[in-house]
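The values are calculated or read from the model by the stated rules, or taken from the named source; none is laboratory data. Quick caveat, the model's predicted, so the values are computed rather than measured. So basically every Cβ, Gly included, is an ideal-geometry build from the backbone, and we count neighbours across all protein chains shown. Each accessible area value is taken on the protein alone, full model and side chains, heavy atoms only, with ligands, DNA and RNA left out. Shrake-Rupley method; radii C 1.70, N 1.55, O 1.52, S 1.80 Å.
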Amino acid sequence: MNKKIMVVDDEEEIADLIEVYLQSDGYTVYKFYNAAQALQCIEETEPDLAILDIMLPDIDGIRLCRKIREQYFFPIIMLTAKVEDADKIMGLAAGADDYITKPFNPLEVVARVKTQLRRYTHYNHAVPGREQEGSEYDIRGLRINRTNHSCFLYEKELLLTPIEFSILWYLCEHQGTVVASEQLFEAVWGEKYLDQNNTVMTHIGRLREKMKEPPRNPRFIKTVWGVGYTIEK
């Protein structure tokens, strides 16, 4: 079954270019030039992944991303013509899984799409009846299961995106040790870490918010300043 990709960009030339490359790789593409049409499409045909431009004529891509995240957890890649870290952080904080800065190589877009879909498929399709060793951690009321991609905190389910789940799982796997931001980024995103990369920090912030962690004294994901993050034993 072909994966369904939604592309939302008011620059028709860019949207058309992305569409051509994705279709040539076998994806079904739903292309829109504004947020209103995109939201209607999601209700009628839930896509497997969305590519959203930040600058849209009706509502901006950040607000659109937040709106999608109210109900859906498929991967979202943001497109931005701005290079400021603040814009990237806003997109990630709104629930995006990745971002690409314009101008871009369309082959990079296809590669990022494949990466996000692999991660999403891996963490959301369990094998019925098969529990693998090391597939679940239960840490002081935080229970996370890799087989069925579930996470509960004090018996209340946490709805995590694939990236958020991957980060939390990796920290649980390395419980009791400090995981450097570089190590965490390269393990979860599968890319080389670059200096001044705020991606990990932003996603950790989202995780803490969903876990209702006290910002100054978190119970689970603790910051070791200048080093990285840890979940203590």
Applying a 10 Å radius around every beta-carbon, put 105-118, 212-225 in order of their mean neighbour count, most first.
105-118, 212-225
Would you mind checking the radius of gyration and Dmax of region 143-220 based on alpha-carbon positions, in Å?
12.6, 38
Computed lengthening from GLU12 to GLU136, 0.36 nm per intervening residue step minus Cα-Cα distance:
40.1 nm
What is region 1-112 by shape, rounded, prolate or oblate, if you read a ≥ b ≥ c off the alpha carbon gyration tensor as root eigenvalues and call it rounded for a/c under 1.5, prolate for a/b larger than b/c, and oblate otherwise?
rounded
Per the helix-only model, the chain has a calculated mean residue ellipticity at 222 nm (DSSP H runs of ≥4, -39500 (n - 2.57) each, divided over all residues, rounded to the nearest 500) of -12500 deg cm²/dmol
Sequence ranges 135-143, 26-34, ranked by mean other-Cβ count within 10 angstrom, highest first:
26-34, 135-143
The chain - accessible surface per residue (Å², probe 1.4 Å):
51
Reachable aspartates and glutamates, given that their alpha-carbon falls under 19 Å from the alpha-carbon of LYS3 and they are not under 8 places away in the same chain:
ASP16, GLU19, ASP25, GLU43, GLU44, GLU46, ASP48, ASP97, ASP98, GLU108
Just subtract the alpha-carbon distance of THR121 and GLU43 from 0.36 nm times their residue separation and send over the number in nm, one decimal.
26.0 nm
Taking only Cα atoms and a 10 Å spring cutoff, compute GNM fluctuations for the chain and point out the largest among THR45, THR147, THR80.
THR45
Among all the lysines, which ones have a C-alpha under 21 Å from LYS102's C-alpha, if same-chain residues fewer than 8 places away are not counted?
LYS31, LYS82, LYS88, LYS114, LYS192
Run down the lysines and flag those whose C-alpha is under 22 Å from the C-alpha of LYS233, throwing out any fewer than 8 positions away in its chain.
LYS156, LYS210, LYS212, LYS222
Here the residues of region 153-173 lying in the modelled label zone of VAL227, meaning backbone nitrogen under 17 Å from a point 7 Å along Cα-to-Cβ, are 171-173
Please report the antiparallel percentage of the DSSP beta bridges confined to the chain, to the nearest 5.
50
So which GluC sites (Glu not before Pro) in region 145-233 end up in coil per DSSP with only 10 or fewer other C-beta atoms within 10 Å?
GLU155
If you take the beta carbon distance between GLU157 and ARG66 as r and set R0 to 22 Å, what does 1/(1 + (r/R0)^6) give as a FRET efficiency, to the nearest 0.05?
0.60
